[in-house]
Structures are given as structure tokens and as C-alpha cells.
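Data first, discussion second: the structure below is written as C-alpha cells.
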């Protein structure tokens, strides 16, 4: 009896029993007129009857054209392959179950997350090992030998990772001082997860962001405190993990020196530090791009099926974070096309590995893909909302200012979107640094790195850098109608550091040739340049940028949240702040833990228009300067009280908030 027929009969018997069992369950609920129950029982019995009428026979007794013989010839090789790596198929089966049961409320969130994680682990283990035997002793021995040889590199990367975490993880509650409304909104969803009010990890929530992020944020709140610092700690951790990830990616492609220099630059890069210190999912972009590309090149260079399987898994996992990660499958596809054109014959040997990568991608994204298929408008909604091409008839005329031609307008738009790297000052509400992403030396080194990569663009390690940076500017800037914003370029931060490192190494080589520098002086020159750039980045972020308090543009709502947090359980706040801001702003609600109060939307004309606070809570009134004239009406009911004034940078003399506390 062939393996394929045994498997087929096992499936048929199992299907018949399951069908009959579910049918009997239906009939036990509604015995009479239950057509569904009767159909299930009948189908189960028919399948079982067919199996009994057609028993399995040895291959030697079969006719060559019989059904069993044809099945055996066609499927026996596949079954034999499955028996060698059974965990691959077990993982695929468990992944299919995850997709099938993802919407079952009884399994959300932790049982379905466990099932999904188990499917991924089984699939990866199955691709890495033949059968269930693992050569762990040999693997450990190779790792130990490599660690012994590259000991100083490991210590350097470890030291940089620790320093990077200190730059990203200290004083998270106060640097940056302001809290963006999107941070607060994401924190509120994470709190809903903690309370059990939001349970679906494979859907979307605030502004159509995939909801798995909020479950990870909820874990961070549980571990590090239900505060702004706890909310931001997840970003600090992801930003820190990008440091060793950059080294792992760059080391085999660009060599030890470039990898160490690029890792050092990213560790202290102000652009990357900032997004590691705010509670938004943008910081996942560079990390997921790095680990995906590292896995892809490992699979390509080592001819490893496990490397391609991991690439597919990581590509799928990336889709659960910020929208910028949607460019990661595009990047991998571009690399495959590049290899197909350059190394077509060699790539043919990877066809099976490419299939495994595709299966891994579907396995990881499967539950979320099911949600997007049911709600397609959620997936493409942001593209329609922001896309230049999607709304070209609306926004292209705006680009053609002063009677410009369409070509001139598009060239100007391209200059802005690509110029954010070195010439255009960054003024997004998520950073607002007032400088280009690269300046004070990094801009010139970046241009040199671009030239070096362009001169040897046929090398895949240079092609990937050009595609990486160009793709970030294209998808994060040019194809969007609005002003370029840094959060959409963050995915390119590691590539920028690699390009700068390439330029530093090449300049040191040229100087050593011209001036006859010794290897130690050449190393010292590179170290001096990197140290100077690191010092400037840290000085800019913590000593220049932080005191400006320009993040999130409006510091008022953060101050309101901090004040109401100090009054928790004692006050009922009346917000005389519309139309500038409202009590339900995400940062106010998160910082103050959903404070009781109300918005006074219309101007107060009499005392009777002011409702009384709930019993046991004393009233507090918050005014913006434009509505301070209504304080007189409030004082008619509460004549005795204290009036606080709030001001702050960048104009410390300008009062932006008044708080009246009746005695």
C-alpha cells in the first residue's frame, strides 16, 4: 500500500467521522427538520461506506490503470517529501486553522495568537531541519567558534546596543515632553486590550493601523507601567534592536569596517533616536526592513531554504506595523527581478525556495489578509486618501502654482520629496526638527555614498541601497500629495547610515593613498569622523531640539493632560477650549486616564448655561486665551478661586493656557 493512498484513506475516514459527529450535534439541538444535521450525517456515512466498499490493496495486486495505482504514481513522491519535512506541512495546516478560526470570539485573543505563533514556529523549524532531527551540537560548535574569532566585533556591537538603548530609553516620560495625540490614541487602544474590551489581534483599529501592534503595546504597559514612559518603551526597544540588526545585515555584504561604522552611526542618529522615543509604530519600519533583508541575503548567499522561509515570515509579520512596511515585499520583489535578470540560470535553482518564501509570507499575513479581503476599503483607504495619483485631478492643480507646467510642477515636487534628505528642513508634526534628515557633514558623506553606490550599481549590495533610499522617497514622498514628512522616510534610516559609512571608508582609503597614512592612522581617521558625527547628533537632539519643545506642535494639550492627571479623582473639568482642542483628545485622555468633564462648545452668556458638576467632585475650568473673557461669568457662580497661567517654549513669555480653580 502506497503512502499517498494511506494518507488519502486516513483523511477520508477522519472527514466522515467529523462530519457525522457535527451532524449528530446539530440533530441533538433541533431533531426535527434539521436539514443541515441530516446532510452532515448522510455525507459522513456515504464517505465511510465508499471506503468500506473500496478497501486498500497491495500495489502488486493492482492493475496499472486502476484508480489506486494512478494516485500512487502521481502523489507518492510528494508524500515522501512531506515525510522528510513533516513540520512544514503541519505548520501550514495549523496556519490554515488560524485563518479559519481567527474571527471566533471565544478564541480571541490569546488562544488564536498561540495557534498562529505555533504555525510559524513549526513551519520555520520544518524548513530548517530534515525531519525532526536537529544537528544542534554542530550548530552550537560553529556559533562558538565564530564568536571566538569575532570576539571584539561582538563586544563592539554589544556596547553600541547598550549605548543606543540609553539614548532611547532614559527619561522617556519627559523627552520629548509633549505627547502627540496619535500616541495617546494608540495608548487608549492598548488600554482597551488590557481591560479585555478589544480582543481581535487580526483586525485594524485607530486610523486603520493593524491591531497586533496594540497588543504588543498593551504588554509593554503591563511590564513597564501604564504611563507615557511605559507606552514609549516598546518603541525604545524596537529602535535598540535595529542596532544589532543593522550589523547582522551589513556584515556579510559590506564587510566588518562598514558594518561597525554604520551601526555606530545609527546608534546615535538623531532621526532614529527621536522615533525610538515616541509611542508610535513607525519605529518598526527600519527594524523589519533590516531583518527581512538580512534573512533574504542569508538565504541567497547560503542557498538556504530556511533563510527564504524566514524572509517570507518576516515580510508577513512586517505588515502588522506601520504602513511603510508595505514597501518591504516590493523591495524583495525588486531584488528577485534584479537577480532574475542578472543570474537567471542560478536563480532557477531557487524556485523551490521562492515557493517556500511565498508560503511563509501567506502563513504570517494570513489572518490579517482575511480581514483585508473582507474589508478592502480599510487596506487601500490611506492610499486613496493620501495618494497623488489617486487624487491627481484634485491636487495636481495645486502643485501647478504660478502657472507652472505639469512637468515643472512634478519636478518641483520631486525636489521636495527627495530633498528632505539633505536640503529641505523637516517640519512634520511627528518630529519638526527644523533641519534636513542629514546635515552637518552627514549630507556631504551621503552624497558621496550615493555616487559610490551608483558607480557600482550592478553589485547587488549597492543596488539594494539605491532601491532602499529611492523607494522610501518615492513611496513615502513623491507619490503622496502633501508635504514630505519624516515618519514616512524612517524606513531608510539604516540605508542612510550605510551610505555614509561607505563614504567614510572610501575617503580614508583615498587619504591614506595620498598622504601615506598607516593603517592605524586610517582607522583613527574613521573613528574620529564617526565620533564627531555621533557627538553632533546627540548634542542636536538633547541640547538643541529637546528644549525647543516643538514635537507634536501644540504643547497645550500635554499640559492639560498632566494637570488633570494630578487632579485624578477629585475634579470635574470644564473645557472652555473649543474649537482649538477638546477633552476627548487622545493625549489628554491617556495622560489623565480618561478624566471626568465636559466641553463647553458655545460661549457662556449666563450662569444658568453652566451645568453643576457631579456630587463629590469640585469644578475646574480651563481656558484658552481667546475665551478668557468668559471667566467673569464663571466667577459669578464661583467668586473665590486661583487663576493659573501657563506658558512655555518657543515663546516663554506668551501665555497659552489659563486654569481657574474655585476654592
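No lab work stands behind these numbers, since they all come straight from the coordinates. These numbers were taken from a predicted model, which means no experiment stands behind them. In this analysis, Cβ positions are derived from the backbone assuming ideal geometry, glycine residues included, and neighbour counts consider all displayed protein chains.
Summary of computed values
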{"item": "Potential lengthening between residue 145 and residue 515 on full extension [0.36 nm per residue; Cα-Cα distance subtracted]", "result": "129.4 nm"}
{"item": "Sorted by Cβ neighbour density within 10 Å, fewest at the top, the residues 349, 227, 204", "result": "349, 227, 204"}
{"item": "Sequence of 559, 153, 343 once ranked by neighbouring C-beta atoms within 10 Å, starting from the fewest", "result": "343, 153, 559"}
{"item": "Degrees between helix 181-194 axis and first principal axis of the chain (Cα, 0 to 90, nearest 10)", "result": "50"}
{"item": "FRET E, pair residue 407, residue 25, Förster distance 60 Å, beta-carbon r, rounded to 0.05", "result": "0.30"}
{"item": "Euclidean distance of C-alpha centroids, region 505-542 and region 571-615, integer Å", "result": "56"}
{"item": "Segment residue 506-residue 562, extension gain: residue separation times 0.36 nm, minus the distance between their alpha carbons", "result": "15.1 nm"}
{"item": "The chain: antiparallel DSSP beta bridges as a percent of all, rounded to 5", "result": "60"}
{"item": "Sorted by Cβ neighbour density within 10 Å, fewest at the top, the residues 274, 375", "result": "375, 274"}
{"item": "Crossing angle, helix 136-149 versus the chain [Cα axis fit, 0-90 degrees, rounded to tens]", "result": "40"}
{"item": "Inter-label distance, nm, simple model (7 Å from Cα along the C-beta direction), residue 338/residue 414", "result": "2.0"}
{"item": "Efficiency of FRET between residue 617 and residue 154 - r from beta-carbon atoms, R0 51 angstrom, step 0.05", "result": "0.30"}
{"item": "Folded to 0 to 90 degrees: helix 460-473 orientation relative to the chain principal axis, Cα", "result": "50"}
{"item": "Contour excess over end-to-end distance, with Cα ends at residue 56 and residue 626 and 0.36 nm allotted per residue", "result": "196.5 nm"}
{"item": "Ranked by how many other beta carbons lie within 10 Å on average, peptides 482-492, 111-121 from highest", "result": "482-492, 111-121"}
{"item": "Label-point separation in nm, residue 458 to residue 374, each point 7 Å along Cα→Cβ", "result": "5.2"}
{"item": "Radius of gyration and Dmax over the Cα atoms of the chain, both given in Å", "result": "30.4, 105"}
{"item": "Enclosed volume per residue, in Å³, of the convex hull spanned by Cα atoms of region 469-589", "result": "172"}
